[in-house]
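Right, one structure below, let's go through it.
The values are calculated or read from the model by the stated rules, or taken from the named source; none is laboratory data. In this text, all values refer to a predicted model and were calculated from it rather than measured experimentally. Note that each Cβ is placed from the backbone with ideal geometry, even for glycine, and that neighbours are counted across all protein chains shown.
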Amino acid sequence: MSTIRGAATGDLLSGARRPGRGAEALAEGAMLLAGFAAPEAAELMKALAPILALAPFRHMVTPGGHRMSVAMTNCGDTGWVTDRRGYRYDAVDPMTKRPWPPMPASFRAVAIRAAAAAGFAGFEPDSCLINGYEPAARLSLHQDKNERHFTAPIVSVSLGLPAIFLFGGLRRGDRPRRIRLESGDVVVWGGAARLAFHGIERVLARDDGPGGRCRVNLTFRKAL
């Protein structure tokens, strides 16, 4: 992920949508908050740099041996990992053998505010999975179900290049909605939609200047 590591904040945010575009219900318990994090986008990207210095992006391997096209890392009390042993949360980064970097205050603040805006007051994230997408990367439909319980929502913050987000139902075969996400958009899902299948169909690549061809996603969870 050399492009993402070297990307300048200005390049990543060049496609940012202006705030104030409003909220859209995607399903019962799921909401798109358009432009919600746009005012904090530069601060969030700045806070990401020291995390990557301590816990760099890496391409994890699924239990079946598939190398994921999305690069990942974590911050917070625990981090989501996958390898031949399975999907799970672990307080220790398996690559560095050290605890994951602490969650920045700016990360936590935007996650709590977004959850409250979507109707989930009192959200206290203890984990942030950070995904790095270059234009060819995608993430197949899946459920977030390795958390200890499902009472807390998922809060997903998009930064950088736009992408086509897939948001489906509670069954893998349910036809998903295709939603264009811009930098600064936040999607929150919980309650009846907590186990909805979701993924990234593709990143919408464009020429934004050196180092700007990437997308970063911050996914906040209450894992423990």
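Residues that are among the small types (Gly, Ala, Ser) and either surrounded by 17 or more Cβ atoms within 10 Å (Cβ to Cβ) or in contact with a strand residue (DSSP E or B) (Cβ under 9 Å, 6 or more places away or on another chain) (or both) were ranked within segment 58-72; the one that is nearest to Arg215 (Cα to Cα) is Ala71. Note on segment 114-160: among residues that are of a type in the set (Lys, Arg) and touching a residue at least 60 places away in the same chain (Cβ under 8 Å), the one that is farthest from Phe220 (Cα to Cα) is Arg138. Restricting segment 142-155 to residues that are surrounded by fewer than 19 Cβ atoms within 10 Å (Cβ to Cβ) and within 14 Å of the chain's Cα centre (by Cα), which is farthest from Arg202 (Cα to Cα)? Top of the filtered list is Gln143. Among the residues of segment 62-99, those identified as β-branched (Val, Ile, Thr), in contact with a Leu (Cβ under 9 Å, 6 or more places away or on another chain) and under 21 Å from Glu201 (Cα atoms) are Val70, Thr73. For segment 122-220, the strands (runs of 3 or more DSSP E) that sit wholly inside it and include 1 or more residues that are within 27 Å of Asp83 (Cα to Cα) are 127-133, 139-142, 154-160, 163-167, 186-189, 198-203.
Among the residues of segment 156-187, what is the count of those that are surrounded by fewer than 24 Cβ atoms within 10 Å (Cβ to Cβ) and within 16 Å of Ala42 (Cβ to Cβ)? Looking only at that region, the number is 1.
Let's see how each residue does on (1) more than 21 Å from Ala152 (Cβ to Cβ); (2) surrounded by 14 or more Cβ atoms within 10 Å (Cβ to Cβ); (3) in contact with a helix residue (DSSP H, G or I) (Cβ under 7 Å, 6 or more places away or on another chain):
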| position | (1), (2), (3) |
| --- | --- |
| Cys75 | no, yes, yes |
| Gly79 | no, yes, no |
| Tyr87 | no, yes, no |
| Asp93 | yes, yes, no |
| Trp100 | no, yes, no |
| Met103 | no, yes, no |
| Phe107 | no, yes, yes |
| Ile112 | no, yes, no |
| Ala115 | no, yes, no |
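Being closer than 18 Å to Gly132 by Cα, surrounded by 15 or more Cβ atoms within 10 Å (Cβ to Cβ) and either of a type in the set (Asp, Glu) or modelled with pLDDT of 95 or more (or both) is a property that does not hold for Met31.
Scanning segment 171-224 for residues that are hydrophobic (A, V, I, L, M, F, W, C), in contact with a helix residue (DSSP H, G or I) (Cβ under 8 Å, 6 or more places away or on another chain) and at pLDDT 95 or above turns up Val186, Val188, Val216, Leu218, Phe220. When Val70, Val92 are checked against the criterion of being in contact (Cβ under 8 Å) with a residue 24 or more places away in the chain, more than 19 Å from Val188 (Cα to Cα) and of a type in the set (A, V, I, L, M), a single residue qualifies: Val70. For the criterion of being farther than 17 Å from Ala25 by Cα and either without any contact (Cβ under 8 Å) to a residue 40 or more places away in the chain or of a type in the set (A, V, I, L, M, F, W, C) (or both), Ala163 passes.
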